[in-house]
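Asker: Here it is, the structure, as structure tokens.
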Amino acid sequence: MESYADRIERYAARFPRALDVVMVLALIGCASLGTQLSLPGTSTPDSGKPLEIMLGLSCFVLLKYRTHTRTVVVVVALVTVAAIARGYLLTPLLLAPLLAAMYWLAVLCDRRTVRAYAAVVAVALLTVNVASENIPDLSIVLTVIGPVFWLALPIVAGNMARLRRDYLESVQARAEHAERTREEEARLRVAEERMRIARELHDVVAHHLALANAQAGTAAHLARSNPEQSERILNDLTGTTSSALRELKATLGLLRQDDHPPGEGLEPAPGLARLPELISTYRSAGLDVMVTTDGVPRPLSPGADLTAYRIVQEALTNVSKHAAAHSAHVRFTYADARLVITVSNDGPATGSPATGGFGLMGMRERAHSIGGELCAGPRPEGGFEVTTALPLQPSAAAVEGEGP
């Protein structure tokens with residue numbers, strides 16, 4: 001169940017002026033009643049209506065406590081001290097406007113200001129109260145302890161309200177900061193995922209389109225001189241386009257938001273186990289690819305396996321697109337905990353070098369993403385060479401960078 005304090009705070013936030021007016025009317029009633037109280041055997045001072053009117057006006061001054069907090073305290077304190085000096089009995093009812101002003105001072109002002117004003121007001125009240133001739137039968141202890149206790153109550157309550165407000169503001173600020181942090185992290189992960197999908201799309205499209213173009217060109221060239229070989233190449237072209245469609249479907253399937261279980265209908269990520277199939281497609285397009293292996297082959301992590309396959313695929317695609325070469329050499333060297341892959345050709349460049357396009361950029365990003373390195377450039381003896389060194393198992397930093 002909601003506490004009454006929470007209900008009042010919510011209502012005050014919606015209708016602040018209405019609550020202020022109710023407070024002022026209640027304080028006027030308390031002050032008026034306080035002027036009618038006196039000790040047994042004594043009578044209220046005959047001061048007329050002007051002082052009572054001043055007490056009522058001091059209550060209306062409280063309507064400005066939000067913008068003129070210190071001024072409100074000074075005005076209300078002066079009127080209250082004047083009333084006590086005229087002989088009115090110092091009671092909580094008479095002090096009600098001053099107690100309200102001290103409460104809002106504690107809520108809205110800093111501690112140093114609160115302590116200074118509270119000390120001045122307390123000294124003024126005690127001095128006038130002790131010097132008053134209308135309460136000779138009261139002991140000094142009662143005339144001192146009572147006012148100090150009553151003044152301390154609103155100050156303590158105001159400090160608690162201010163601390164609660166500051167606490168709620170800090171909690172809200174932390175919640176907003178956490179929300180912003182989550183949004184920024186989500187945006188970062190989305191950007192990383194887009195880059196990964198963009199690399200996959202580039203590899204798939206560039207490889208298969210370049211290969212299909214080479215196969216179609218070779219088939220057209222052999223259509224008259226060797227129709228049988230041309231027919232075989234066209235059959236291979238059908239397989240190339242089908243493979244391109246399957247990989248595009250698998251990659252674009254990551255962008256769909258549906259109710260299918262993860263991975264349903266998607267083709268597994270390619271790896272070096274599909275290297276013979278990749279080599280055969282290039283051979284059917286007229287590029288003779290030789291593969292050699294040095295060292296003892298060892299298993300690769302899934303990320304390194306996919307990266308190795310994509311780098312070889314992109315490097316051979318660049319050979320078929322940018323080099324007037326009929327052969328390429330792919331060498332795998334297993335040394336220590338790394339796999340070194342070298343893809344080279346000895347033909348002169350016929351198009352834009354791979355060093356300036358997105359192909360080499362994507363290969364380098366793939367290698368760096370699992371803690372590897374890649375370099376590419378012309379060979380001294382002619383041709384072009386791409387060399388990458390990949391860890392057989394990803395490093396801890398690479399695993400953290402990949403994220404879930």
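Asker: Among the listed residues Thr355, Thr333, Thr388, which satisfies the condition of being at pLDDT 90 or above and either assigned to a loop (DSSP other than H, G, I, E, B) or surrounded by fewer than 20 Cβ atoms within 10 Å (Cβ to Cβ) (or both)?
Answerer: Testing whether each residue is at pLDDT 90 or above and either assigned to a loop (DSSP other than H, G, I, E, B) or surrounded by fewer than 20 Cβ atoms within 10 Å (Cβ to Cβ) (or both) leaves just Thr333.
Asker: Could you tell me which numbered condition Ala308 fails, if it satisfies all but one of (1) in a helix (DSSP H, G or I); (2) at pLDDT below 85; (3) open to solvent by less than 30 Å² (accessible area, probe 1.4 Å)?
Answerer: It fails just one condition, (2).
Asker: Follow-up. Going by the conditions given, is Leu55 open to solvent by less than 40 Å² (accessible area, probe 1.4 Å) and more than 17 Å from Thr127 (Cβ to Cβ)?
Answerer: It is true that Leu55 is open to solvent by less than 40 Å² (accessible area, probe 1.4 Å) and more than 17 Å from Thr127 (Cβ to Cβ).
Asker: Another question, then. Being touching a strand residue (DSSP E or B) at 6+ places or on another chain (Cβ under 7 Å) and at pLDDT below 85 is the filter; apply it to segment 315-326 and report the residue that is surrounded by the most Cβ atoms within 10 Å (Cβ to Cβ).
Answerer: Val319
Asker: While we're looking at this one, here's another question. Report, ordered by the first and then the second residue, all pairs with beta carbons closer than 6 Å, sequence separation of six or more or different chains, a first member in segment 57-85 that is within 14 Å of Ala118 (Cβ to Cβ), and a second member that is open to solvent by 70 Å² or more (accessible area, probe 1.4 Å) and assigned to a helix (DSSP H, G or I).
Answerer: Partner pairs satisfying both residue conditions: Thr69/Leu108.
Asker: Please go through segment 365-379 and give me each residue that is without any contact (Cβ under 8 Å) to a residue 24 or more places away in the chain and more than 17 Å from Val319 (Cα to Cα), ordered by number.
Answerer: Hits for segment 365-379 are His368, Glu373.
Asker: Cβ-Cβ below 7 Å, separation at least six or inter-chain, first residue in segment 213-232 and over 26 Å from Asn318 (Cβ atoms) and free of Cβ contacts under 8 Å to residues at least 40 places away in the same chain, second among the hydroxyl-bearing types (Ser, Thr, Tyr) and surrounded by 14 or more Cβ atoms within 10 Å (Cβ to Cβ): which pairs?
Answerer: Ala223/Ser230
Asker: Something else about it: When segment 8-27 is examined, which residues are found to be under 21 Å from Ile53 (Cβ atoms) and either modelled with pLDDT under 75 or open to solvent by less than 40 Å² (accessible area, probe 1.4 Å) (or both)?
Answerer: Listed by number, the residues that qualify are Asp20, Val24, Leu27.
Asker: I need the full set of residues from segment 254-277 which are hydrophobic (A, V, I, L, M, F, W, C) and either over 30 Å from Gly217 (Cα atoms) or at pLDDT 85 or above (or both), in order please.
Answerer: Passing the criteria: Leu254, Leu255, Leu266, Leu272, Ala273, Leu275.
Asker: Looking for something in a loop (DSSP other than H, G, I, E, B) and open to solvent by less than 60 Å² (accessible area, probe 1.4 Å) - is there at least one such residue anywhere in segment 77-87?
Answerer: Yes, because at least one residue in segment 77-87 is in a loop (DSSP other than H, G, I, E, B) and open to solvent by less than 60 Å² (accessible area, probe 1.4 Å).
The values are calculated or read from the model by the stated rules, or taken from the named source; none is laboratory data. Remember, it's a predicted structure, so these values are computed and weren't measured experimentally. Please note: Cβ atoms are built from the backbone with ideal geometry, for glycine as well, and neighbour counts cover all protein chains shown. When the accessible area is computed, the model is the full protein with side chains, heavy atoms only, and any ligands, DNA or RNA have been set aside. Shrake-Rupley method; radii C 1.70, N 1.55, O 1.52, S 1.80 Å.
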